[in-house]
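The values are calculated or read from the model by the stated rules, or taken from the named source; none is laboratory data. Keep in mind that what you see is a predicted model, and the values were worked out from it rather than measured. We place every Cβ from the backbone using ideal geometry, glycine too, and count neighbours over all the protein chains shown.
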Amino acid sequence: MPVARFLLRRLAALTALLVALSFIVFSLLHVAPGNLVKNLLGPRPATPEAVAAIRERYHLDEPFLAQYAHWLGGVLRGDLGVSARSGTDITTVLGDRVGLTLLLAGLAALLAIGVGVPLGIRAAQRTGSLTDRLITGSAVVGVSAPGFAVGLLLLYVFAVMLGWFPIYGTGEPGLDRLRHLALPAVALALGTGAMVVKVTRTAVARELQQDYVTFARSRGVPERVVRRTYLRNASVPVVTSAGLVVAGLVGGSVLVESVFAIPGLGVLLADSITYKDVPVVQAITLLVAATIGVTTALVDLYTAVADPRVRRATVGHGRGRGAVGAVADPTLPDASLPTSALPDGSLPGGMPGPGAGGAA
Amino acid sequence: MTTTLPTETGLRARLARATRRLRRVPGTVAVAALLLLAVAVLVIVPVAPHAFDQDVLLGATPAGTPGHPLGTDGLGRDVLALTLAGARSAIVGPVVVALGSMLLGIVLGTLAGYRGGWIDAVVSRYVDLTLAMPALLLAIVVAGVVGGGYWITVLVLVVLFSPSDIRIVRGAVLQHAHRPYIESTRVLGLPAWRVMWRHLLPNVRPLVLTTMLLNIAYALVSMSGLTYLGLGVSPSAADWGLQLSDGRDLLWTNPAASVVPGLAIILVATAVNLVGDHLSERLDRGEDA
């Protein structure tokens, strides 16, 4: 059963990733400067008994690996530990904020995909045209502009100058909240959306150059049908980039939340870093990594279902930043020509071939 | 369009080729290159020696204040001078990040691609694992928790950027490793390091250069994000990310304090990306860029 084996392998990879990441994150606690016991004690007097109790409770006298095992065991039981700053249970601290970040990231993802995919398709269909150059040009700006800088500009123009949107806070749940989250979502969506545009354009342009498109068009297959075919084929790399989208949104949300003072996970992370609240930092990092890992696994599942070749061969290394840079040939030489270029009455199966340029 | 040029080596022929090549550069890319040239000057020449002069009594003033065309920030520092001085922090670090990660990329990527075997297996597993991690987030966490200054942050970014460089170099080396000219060096009995250094490396160099350029843009964006959070810089440094976060509270009194450095980040990163994209497009078309 190749699908099962494929999925098992991906699952094993995901587990390995999470273990590795959790290990790195856990090591942070030990690399971090500052005295953990002192942090945990807080304002309480540092009596020898209190110190001993804390060392006992957090297993600080045990070897590093044993501590890691304790921590990992707790995480697996859903116990993320206690915040070193406030002394509250991390699970409840996170619970209050997850919703907000999810809403923001969800809105941004909706924008990035909802706008990015159509634009990418459009650009690929008109390769080399003014539309294409405008779209790819703005995509370059979008990829280059960090969300926090864009957020600040948006804040200045739309909140301070025009007064259309509120500056701070998250508002009441419902429509008011959407209004508060509109600018942050746009700022967050810009970078990832630009990435989506690039990936989509490359994928669609590559499909458009395939022989089957040329052939279908020369046979007079309705463009509607041709489009459906090549778009479905182009969907695989686009869906594969979902991992990139999630990673981009997660990294960006830390900064964007802090620009707009949204009390989500990102701001919590930034604050926890400032106050060296390492347990909270560990918890958030792990949560994020798990989210990305699960997304990647789902994407793999999709590609396995959509493309049988993936199941059979080893999975291609299409992900990562390198994959985005792939540039399609800017001038489609003959894929767009044949429908009009072929003289009437020519054999439908005839290859439009390299001579198609001599149509007149 | 792709007329094969005779490869003459005279100065005149070289010049002619260079001009012909320059004519094919789109206007936007040319403007971007000029902007980068200007920024490079800012990095090398100390243009704004008074950037750090504080005037706490003056405080934040709007743009157009006498003597301060872009106003002053919360500490009374001139926004224009501070932004010009910030170019150094914005460029030097990312360039070092790109150089350092590419150095790792070349060494490990060439070894993995040419030698194969267990080296390749180890390096590839490492790359797979690290590429799956959220780089920016890890950078924030590591730089924040470990602390340390500018150069520690640069080091963290070098490590986080290297996997994609390793993968790119390895892929390029793999493409060349079994071509006849490399096989022939083996027949000649050249030592492996010499094959890699003298024969493989020159052939991946164009790819390496364009990748580095794109990495600079990405590192600039990442580093300014870190400094925006106050990581990797001292609070009084001249840095665009830091200016943004300081200026955020001055949006009503002097918006230029945050808008100008924000635009600076966006413009410079876009310029680097435009030039990089242009070069890599040429590379794909098989022209020497």
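Things to note:
- Of all residues making up region B:202-212, the number that are at pLDDT 85 or above and buried (at least 22 other Cβ atoms within 10 Å of the Cβ): 2
- Against the test of being crowded, with 24+ Cβ neighbours inside 10 Å and away from chain A (no Cβ under 11 Å), the options B:GLY241, B:GLY232, B:GLY276, B:GLY247 yield a single qualifying residue, B:GLY232.
- Among the residues of region A:261-272, those identified as crowded, with 24+ Cβ neighbours inside 10 Å and within 10 Å of chain B (Cβ to nearest Cβ) are A:GLY266, A:LEU269, A:SER272.
- Taking helices (runs of 4 or more DSSP H) as the structural unit, those lying wholly within region B:84-185 and holding at least 1 residues that are of a type outside the set (Val, Ile, Thr), more than 12 Å from chain A (Cβ to nearest Cβ) and within 18 Å of the chain's Cα centre (by Cα) correspond to B:150-177.
- B:GLY105 surrounded by 24 or more Cβ atoms within 10 Å (Cβ to Cβ), in contact (Cβ under 8 Å) with a residue 24 or more places away in the chain and within 30 Å of B:ALA135 (Cβ to Cβ): yes
- Some residue of region A:86-98 being modelled with pLDDT of 75 or more and within 20 Å of the chain's Cα centre (by Cα): yes
- Within region A:215-267, considering residues that are part of a loop (DSSP other than H, G, I, E, B) and in contact with a helix residue (DSSP H, G or I) (Cβ under 7 Å, 6 or more places away or on another chain), the one nearest to B:VAL221 (Cα to Cα): A:PHE260
- Residue within region A:72-90 that is under 21 Å from A:ALA234 (Cβ atoms) and within 14 Å of chain B (Cβ to nearest Cβ) present: no
- Of all residues in region A:122-157 being part of a helix (DSSP H, G or I) and more than 12 Å from chain B (Cβ to nearest Cβ), the one that is nearest to A:VAL254 (Cα to Cα): A:ILE135
- Selected residue (criterion: modelled with the lowest pLDDT) from residues of region A:32-56 that are surrounded by fewer than 12 Cβ atoms within 10 Å (Cβ to Cβ) and assigned to a helix (DSSP H, G or I): A:GLU56
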